[in-house]
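Following: one structure in C-alpha cells, then a few remarks.
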Amino acid sequence: MGEKMKAILKKRPGPGLEMDLVDIPYPGPDEVLVKVRATSICGTDVHIYNWDHWAQSRIKPPLIIGHEFCGEVVEVGKNVKTLKVGDFISAESHIPDMTCPICRRGQPHICQNLKIIGVDTNGSFAEYVVIPEICAWKNSSDMDPAIASIQEPLGNAVYAVLAEPVSGKTVAIFGDGPAGNNAVAVAKAAGAGTIFQVGMNSYRLEIGRRMGADFSINIAEGQDPVKIILEKTEGIGVDVVLEMAGSPLALEQGFAVLRRGGRLTAFGIPSEPVTLDWANAVIFKGARIIGINGRLLWETWYQMTELLNSGKLDPSPIITHKMPMDNFEEAFRLLTAPEKKVGKVVMFP
C-alpha cells in the first residue's frame, strides 16, 4: 500500500515495548492484508513485554507482537480462494506448514514446523497485519469486535474442556486467569454438573462466578482445594480436572481431587520442572491425561462458533478493559500489577 501505520514493537532486547510508524505490509500470493478492528493482550505478550527468559530465548527483535485479533480483509493475494475484500475475520494464530508428517496425519495444530503470529511473524498490535489465508476464520458481519478478538484464546478453553464430553460431569478448574475463566464458561455452556474453580485472586474468581463457577476456592485466603472438593464429592473426587494455570502445585492438587478413572487436561505451562507421584497420581488411579496446545484446526472453531451463536457461551465478563491502542502502556501496567484487577484487555487501533 506504500503507506505508514502505527504499530507496537519489541524494537530491541530488553523490557518494554514501543509504538512507532512502520510500513504497511504487502500480502504474498497466499496471504491477506487485514485492517485490525480489535486486538487483545495475551499472557505471551506480557512475557515479551517483561522480556523474561522465555522471551529472550524465542523473540528476535524488531518484531510487531500480538496474535489475538479480528479485522477486515482489505487486500488478497493472487492465490487466495476462500476470502474476499470486506470479509470480517478472526485469526488462528498457529501457522502450520501442512506438509510435515504431523500435519499429514491430520494434526496441523501441533505442526512439526509450527509458527505463531506475533511470535515468529509480525503480529496484530498494529493498524494492519498480513496473515496466511489458512489462518483466517470468517465471522458474521455483526459480531462484536471485542468478542471476535478473543476467539483465539477462547478456543484454547473450548479445546481443553471438550477434549472429552463434560455434560453432567463434575469439573475442577485450576486457574483464575482468562484461560481458567474461559474454561468455566465453556464447561457451563457444555452442560457440566458442579463446577469448582481454584485460584488466588478474588477479583478474577468473581469473574469466574459470573461465568458459571458453582464453588470458588481461594488458596490465597487459606482455603484448601483438596479438602473442600473431596468433601463436596463425598471423597470420590471430580470426573474432570482442567489445569489452566501452569502451576506445579495445581497439578499436584488436581491429581489429588481427580476420581479414579477421571480425566486431567493440562493446558497451563509450568515455569519449572514438575515432580509428581506418578504411580499414585496416574497409574493406580487409571487417570487419562490430555495435553492441549492451541486449538484443533478447525473443529474447535466450529464448536466455538456454535456455542457462541446458541447464546449458551458468553465470554463477555472476561473483557474488563477496552482502550485505544495508543494507551498500550496503561494496558500492560494493569496486566503486570501485583493486584491483577483485570481480566482481558482489548485494544482498538
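The values are calculated or read from the model by the stated rules, or taken from the named source; none is laboratory data. Everything quoted here is computed from the prediction, not taken from an experiment. Methodologically, a virtual Cβ is constructed for each residue, glycine included, from the backbone with ideal geometry; neighbour enumeration extends over all protein chains shown.
Could you say whether any residue in segment 329-339 is in contact (Cβ under 8 Å) with a residue 12 or more places away in the chain and not in a helix (DSSP H, G or I)? Checked against the condition, which is being in contact (Cβ under 8 Å) with a residue 12 or more places away in the chain and not in a helix (DSSP H, G or I), segment 329-339 yields at least one hit. When restricted to residues that are surrounded by 13 or more Cβ atoms within 10 Å (Cβ to Cβ), outside any loop (DSSP other than H, G, I, E, B) and touching a residue at least 12 places away in the same chain (Cβ under 8 Å), segment 1-48 contains 24.
Counting only residues that are within 17 Å of Trp301 (Cα to Cα), give me the strands (runs of 3 or more DSSP E) lying completely in segment 51-138 with at least 3 of them.
Values: elements: 68-76, 88-91, 128-132, 136-138.
Once the strands (runs of 3 or more DSSP E) in segment 51-138 are filtered for at least 3 residues that are within 17 Å of Trp301 (Cα to Cα), what remains is 68-76, 88-91, 136-138.
Thr320 meets each of the listed conditions (1) under 17 Å from Tyr203 (Cα atoms); (2) touching a Gly at 6+ places or on another chain (Cβ under 7 Å); (3) buried (at least 19 other Cβ atoms within 10 Å of the Cβ) apart from (3).
Applying a threshold of 7 Å to beta carbon distances and a minimum spacing of six or more residues, or different chains, the list of pairs starting in segment 122-137 at a residue that is free of Cβ contacts under 8 Å to residues at least 40 places away in the same chain and among the charged types (D, E, K, R) and ending at one that is crowded, with 21+ Cβ neighbours inside 10 Å and part of a strand (DSSP E or B) is empty.
Counting only residues that are farther than 19 Å from Met347 by Cα, touching a residue at least 40 places away in the same chain (Cβ under 8 Å) and not polar (S, T, N, Q), segment 56-80 holds 10 of them. Annotation: Pro273 fulfils all but one of (1) at pLDDT below 95; (2) surrounded by 13 or more Cβ atoms within 10 Å (Cβ to Cβ); the unmet one is (2).
For segment 58-89, how many residues meet the condition of being farther than 20 Å from Met19 by Cβ, within 24 Å of the chain's Cα centre (by Cα) and among the acidic types (Asp, Glu)?
The initial filter retains those residues of segment 58-89 that are farther than 20 Å from Met19 by Cβ, namely 58, 70, 72-89.
After this cut, where a residue has to be within 24 Å of the chain's Cα centre (by Cα) as well, the list is 58, 70, 72-73, 87-89.
Then keep just the ones that are among the acidic types (Asp, Glu); that gives 72, 87.
Count: 2.
The condition (being in contact with a strand residue (DSSP E or B) (Cβ under 7 Å, 6 or more places away or on another chain), within 29 Å of Lys138 (Cβ to Cβ) and among the polar types (S, T, N, Q)) is satisfied by just one residue among Thr300, Thr265, Thr305: Thr265.
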